[in-house]
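What follows is a single structure, written as structure tokens, with notes after it.
The values are calculated or read from the model by the stated rules, or taken from the named source; none is laboratory data. In this text, all values refer to a predicted model and were calculated from it rather than measured experimentally. Cβ placement follows ideal geometry from the backbone for every residue including glycine, while neighbour counts extend to all protein chains displayed. Surface accessibility is based on the protein's heavy atoms, side chains included, excluding ligands, DNA and RNA. Shrake-Rupley method; radii C 1.70, N 1.55, O 1.52, S 1.80 Å.
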Amino acid sequence: MYPGVSCVFLPKTLKAVETMVRNNRTSTVTEFLFSGFPQFEDGSLLFFIPLFIIYIFIVIGNLMVFFAVRMDTRLHNPMYNFISIFSFLEIWYTTATIPKMLSNLICEKKTISITGCLLQMYFFHSLGNSEGILLTTMAIDRYIAICNPLRYPTIMTPQLCAQLSAGSCLFGFLVLLPEIVWISTLPFCGPNQIHQIFCDFEPVLRLACTDTSMILLEDVIHAAAIIFSVLVIAVSYVRIITVTLRIPSAEGRRKAFSTCASHLGVFLMFYGSVSLMYLRFSATFPPTLDTVIALTFAVLAPFFNPIIYSLRNKDMKIAIKKLLCLQKVFNAPAR
């Protein structure tokens with residue numbers, strides 16, 4: 001109808017469309033930027049050194065617990081087997097996040113690729129899920145040992161113990177696969193700043209260029225899993241405490257409580273920090289508090305676990321001393 005106008009505006013329109021397509025292509029996110037570190041930038045080295053020392057302690061401490069249980073035949077029972085598996089998982093649980101945190105503290109570019117972010121989320125949460133299931137299994141094990149001591153050897157057989165340990169790890173890794181696969185299909189084409197010190201579901205999902213209503217479903221699923229585990233452990237320990245208080249001798253009560261104290265301490269630290277992180281739903285915390293909570297369950301809880309299991313357990317202390325003495329014998333120069 002207006003050929004002159006069409007001839008004038010068509011090239012401009014095509015150019016605008018071409019520019020928009022090009023911008024969309026160039027704005028496709030290939031890596032994420034961690035923005036949970038600005039508060040550390042003024043003294044990154046001061047934070048790097050203690051975090052590095054803590055990580056080394058976590059690895060060495062949990063390795064000592066793991067090998068002490070494996071090499072001392074007196075500790076070859078279900079309770080210590082679960083502890084050794086838990087310590088082994090703790091090493092990889094912290095390795096999924098802390099090395100990248102250390103790198104970000106000293107590197108100017110605090111980034112991670114999308115693939116690296118997905119892998120970090122998968123391994124961190126899969127290992128965390130496995131630990132949570134294992135803690136629940138340990139609570140049930142203590143419940144059977146204290147509340148049904150005569151039937152304990154026939155119920156908690158070595159075969160069942162191995163199956164429960166393997167099942168905890170297998171389920172922990174399989175249950176997250178659909179979630180990670182779904183996240184990998186989401187388009188990321190806008191902002192790329194993760195407001196956290198490692199990749200986590202909620203901060204990453206908020207960056208997706210699509211409907212983020214699934215975040216609520218994610219929160220509900222995570223909350224249901226946490227609450228279920230906490231309830232099972234809480235009910236087990238309420239029953240354990242009730243039965244223990246009925247033991248006539250003070251020595252018997254002390255021994256029963258001491259066998260559960262370590263596990264209860266780890267449980268409170270692990271699920272206490274996890275609950276603060278994943279049971280808040282729409283509640284928002286200041287960035288500094290968010291970082292502190294993340295550090296608590298990702299760094300501090302694994303740091304205290306080997307201390308709790310070694311210092312509060314007489315048999316474990318003896319096994320670790322034997323392990324250290326054995327190491328000295330192997331390292332002693334030949335005469």
**Message:** I'd like to check one number: the per residue accessible area of region 31-331, probe 1.4 Å, reported in Å² as a whole number.
**Reply:** 50 Å²
**Fill in**
Label model pair LEU245, THR73: point-to-point distance (7 angstrom along the Cα→beta-carbon line) in nm is 4.2 nm
**Item:** By average C-beta atoms within 10 angstrom, highest first, the peptides 191-201, 142-152
**Value:** 191-201, 142-152
**For region 31-331: relative contact order, % (alpha-carbon pairs under 8 angstrom, 6 or more apart)** = 27 percent
**Prompt:** When the dipole is taken about the Cα centre of region 31-331, and only Lys, Arg (+1) and Asp, Glu (-1) are charged at their Cβ, what size is it in debye, to the nearest 20?
**Reply:** 1620 debye
**Item:** Whole-Hz couplings from phi, Karplus 6.51/-1.76/1.60, listed for region 106-123; x for Gly and Pro
**Value:** 10, 9, 5, 9, 9, 10, 8, 5, 4, 4, x, 5, 5, 5, 4, 4, 5, 6
**Item:** FRET efficiency for ARG206 and CYS147, using Cβ-Cβ distance with R0 set to 35 Å, rounded to 0.05
**Value:** 0.15
**Fill in**
Going residue by residue through region 251-262, the Karplus relation 6.51 cos²θ - 1.76 cosθ + 1.60 with θ = phi - 60° gives ³J(HN,Hα) values, rounded to whole Hz and with x marking Gly or Pro, of 5, x, 5, 4, 5, 5, 5, 5, 5, 9, 4, 5
**Asked** What percentage of the solvent-accessible surface of region 31-331, computed with a 1.4 Å probe over protein heavy atoms, is contributed by carbon and sulfur atoms?
**Response** 71 percent
**Request:** Could you rank the peptides 173-181, 126-134 by their average count of other C-beta atoms within 10 Å per residue, with the highest value first?
**Result:** 126-134, 173-181
**Request:** Provide the per-residue ³J(HN,Hα) series for region 174-183, in order, calculated from phi with Karplus coefficients 6.51, -1.76, 1.60 and θ = phi - 60°, each as a whole number of Hz, with x at glycine and proline positions.
**Result:** 6, 5, 8, 4, x, 5, 5, 4, 4, 5
**Message:** At 0.36 nm per residue, and after removing the present C-alpha to C-alpha distance, how many nm does the segment from LEU33 to LEU279 gain when stretched out fully?
**Reply:** 86.0 nm
**Request:** Roll a 1.4 Å probe over the protein heavy atoms and report the accessible area of HIS222 in Å², nearest 10.
**Result:** 40 Å²
